[in-house]
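To start, the structure itself, in structure tokens.
The values are calculated or read from the model by the stated rules, or taken from the named source; none is laboratory data. Values in this document were obtained by computation on a predicted structure and should not be read as measured data. With ideal geometry, Cβ positions are generated from the backbone for all residues, glycine too; neighbour counts draw on all protein chains shown.
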């Protein structure tokens, strides 16, 4: 399976897990640019929640591991539900704009 297809499969599985989780009722659509930033001096430039060192990757892994938004907010009380929504939106846009190059 090509890497691009693999990442899309992971995303679909994540969305499926989210759809059966209580997280959906807690989240709203947000403009991720108000919540996500990338700075080479913070976490080696990985996208993080603004003003924190909490990466989008970490939040997605927590969701994939079965934690709901309430549990994540308890772990990181300075986060808001919109931050989690922004991380999901950011990940969706990254995958949506992924360019798959077929090997010759």
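Descriptive notes on the structure:
- Some residue of the range 82-97 being surrounded by 10 or more Cβ atoms within 10 Å (Cβ to Cβ) and assigned to a loop (DSSP other than H, G, I, E, B): no
- Any hit, the range 16-26, residues being at pLDDT 90 or above, loosely packed, with under 14 Cβ neighbours inside 10 Å and in a loop (DSSP other than H, G, I, E, B): no
- Cβ separations smaller than 7 Å between residues 6+ apart or across chains give the following pairs from the range 82-94 residues that are without any contact (Cβ under 8 Å) to a residue 60 or more places away in the chain to residues that are in a helix (DSSP H, G or I) and buried (at least 20 other Cβ atoms within 10 Å of the Cβ): 86/32; 87/56; 87/59; 90/32; 90/56.
- Of all residues in the range 69-95 being over 12 Å from residue 32 (Cβ atoms) and within 13 Å of the chain's Cα centre (by Cα), the one that is modelled with the lowest pLDDT: 95
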